[in-house]
Structures are given as C-alpha cells and as structure tokens.
Amino acid sequence: MGKPAFSAVSKESLSESVYRQLADKILRGELPAGEPLPAERELSEALGVNRGAVREAIKRLQQARLVAVRQGGNSVVLDYRAEGGLELLPSLLVNRQGQLDTAVVRSIMAMRSALAPDIAATAVKGGAALADELDALLARMRGDAGNLKALQDHALAFWQRLVEHGGNIAFRLAFNSMTRTYTQVWDALTPVLQAEFRDLDNLGAIAAAVRRGDADAAWRHGRLHVEIGRSALDQALDAMEGRQRLQ
C-alpha cells in the first residue's frame, strides 16, 4: 500500500484539524493497523503545521485508542475495532466515498433497540416525580403534534429523562455516544423517524409504567416504541443501498 496523501490543514484549531485528518485515515484504513504512524517531523511537514500541533493530536489519538506509543517513542496504529470505544461512532458514519455508511447506521439502531427497553425498565425507580416530568413532555408533544422538529426534540428529551433517572452509568454513557452520533444526521432522520416521534401511545405507557413501578411494562413498551423507528429506518436504508448499487 502506498503512502497516504495528506492535505494542508486550516490554521484554526491546528491540533483538532490534525487529529481529525489522522483519525479519519486510520478509520478508513489508509493508515493500517500495526503500521507505524509517520514521524512527527514528517507529519508536520506534510500537514503544514508545527510539531506541537502534531504532538497534541497524537495524544488525542492515544486517548481514543487509535494509536499506541511503543518503546522508543514511535507510535503504532491500533485496530480500532479491537481497541476503540463508542466515541468513534460519529466518525464512522460516512464511508470513503463520502456516503452514509448504512452498515454503521444499522449497527447503531440495533444497539439502540437493545438498550432502550432496559433504559425504560430501570427508569421506574424515578417513580412519580419522573412520571410527572414525562407527562409534561407528553403534553408538549400533543401540543406540538403538527411540528415534526419539535416532536423530535421532545422525544429525545423524554429518553434523556429516562436514562438520567435510571441510575445506570453504563447506559447513560452509551446513550450519550449514540446521541452524539444521532445528531450528526439529525435533520436527515427527522422525516424517516416521524412515526416513532408521533408514537405517544407507547411513550404514554412508559410514563404510566414508571408511575406504578412496573419495569416489565416499561421494557415492553420501550421495545415497541423504538422498533417503529428501526423498521422505518431499515426501509429507508434498503432504498438507499439500492440506489447506491445502481450508481
């Protein structure tokens, strides 16, 4: 494999620009796992930035488990699939061709479908106080029934309340990562997921289950709710993949 070509970066937030370019090349396989990262001096010259910006970017790559510094100070590219965390998901949404990576989107939705019911079930410990908050959000959703963007905002807030009150830090951090990824394609998903945003029946049932402490019912209606969105997105992705095959 030939050496990857680098582009001069913007002089604004140099280390951030360097980090993003290097991370992208690692995630796309242009800098393969197991290979040494180019030396600081080489990167500095190729990117047109000072070595301090390169050094700071490499530190961030280490923190993201994209590279490891070996004995002697040389950095080696890691296999992000074996070493990385959920924080990498937003960077994986777009493939080398600049298109939405449908496999990544499906993976995220599968994780969402797996986590959401448990998030709803653990939230029952929030009791009447949480149920009051959820009912208030549902009232806003009914009032904004004709405003799809507002419904999207309210639906996200509903799930944020559930995960905050559930007390499970692993669920909360996973939810944060999924939310950051989701917001990358927020506008594109608005029309696709509209049936889920309008599903006040299952959201109302979750709120009622929280009020009476019924974890099983909360889990069941949480699952029913997110599967509405997953089914709609699967259909949209099938159509997108069909168009891509014809190009």
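Any read-out appearing in this document is the output of simple, stated calculations on the displayed coordinates, not a laboratory observation. Keep in mind that what you see is a predicted model, and the values were worked out from it rather than measured. Cβ: placed from backbone, ideal geometry, glycine included. Neighbour counts: every protein chain shown.
Along its three principal directions, the equivalent ellipsoid of region 129-170 from the Cα gyration tensor extends over semi-axes of 22, 12, 4 Å, largest first. Taken over the alpha carbons of the chain as equal point scatterers, the Debye sum produces base-10 log I(q)/I(0) values at 0.07, 0.18 Å⁻¹ of -0.32, -1.23.
Computed from the Cβ-Cβ distance with R0 of 25 Å, the FRET efficiency linking Ala114 to Arg245 stands at 0.30. Sorted fewest first by neighbouring Cβ atoms within 10 angstrom, Glu45, Glu35 come out as Glu35, Glu45.
Across the chain, Cα pairs under 8 Å and at least six residues apart give a relative contact order of 19 percent. The distance between label points at Asp216 and Asp234 comes to 2.6 nm (points 7 Å beyond Cα on the Cα→Cβ vector).
Taking each residue as 0.36 nm, the span from Glu87 to Val192 lengthens on full extension beyond its C-alpha to C-alpha distance by 35.4 nm. Among Arg223, Arg243, Arg112, a tally of other beta-carbon atoms within 10 Å of each Cβ gives an order, fewest to most, of Arg243, Arg223, Arg112. The helix-only estimate of mean residue ellipticity at 222 nm for the chain, built from DSSP H runs of length n ≥ 4 each weighted as -39500 (n - 2.57), is -22000 deg cm²/dmol after division by the residue total.
Straight-line cross-link partners of Lys149 among the aspartates and glutamates, defined as a Cα under 13 Å from its Cα and at least 8 positions apart when in the same chain: Asp187, Glu196. Across the options Val124, Ser113, Pro38, the greatest Cα extent toward the positive end of the charge dipole of the chain (unit charges at beta carbon of Lys, Arg, Asp, Glu) belongs to Pro38.
Over region 15-155, what is the mean sequence separation of C-alpha contacts under 8 Å (at least six apart), divided by residue count, expressed as relative contact order in percent?
18
Placing R0 at 45 angstrom, the Cβ-Cβ distance between Ala150 and Ala33 gives a FRET efficiency of 0.55 after rounding to 0.05.
With a cut-off of 13 Å between beta carbons, the residues surrounding Leu173 carry a summed charge of 0, where Lys and Arg count +1 and Asp and Glu -1. Taking label positions 7 Å along the Cα-Cβ direction at both Asp101 and Ala208, the computed distance is 4.2 nm, reported to one decimal.
The ranking of Leu89, Leu151, Leu246 from fewest to most other beta carbons within 10 Å of each one's beta carbon is Leu246, Leu89, Leu151.
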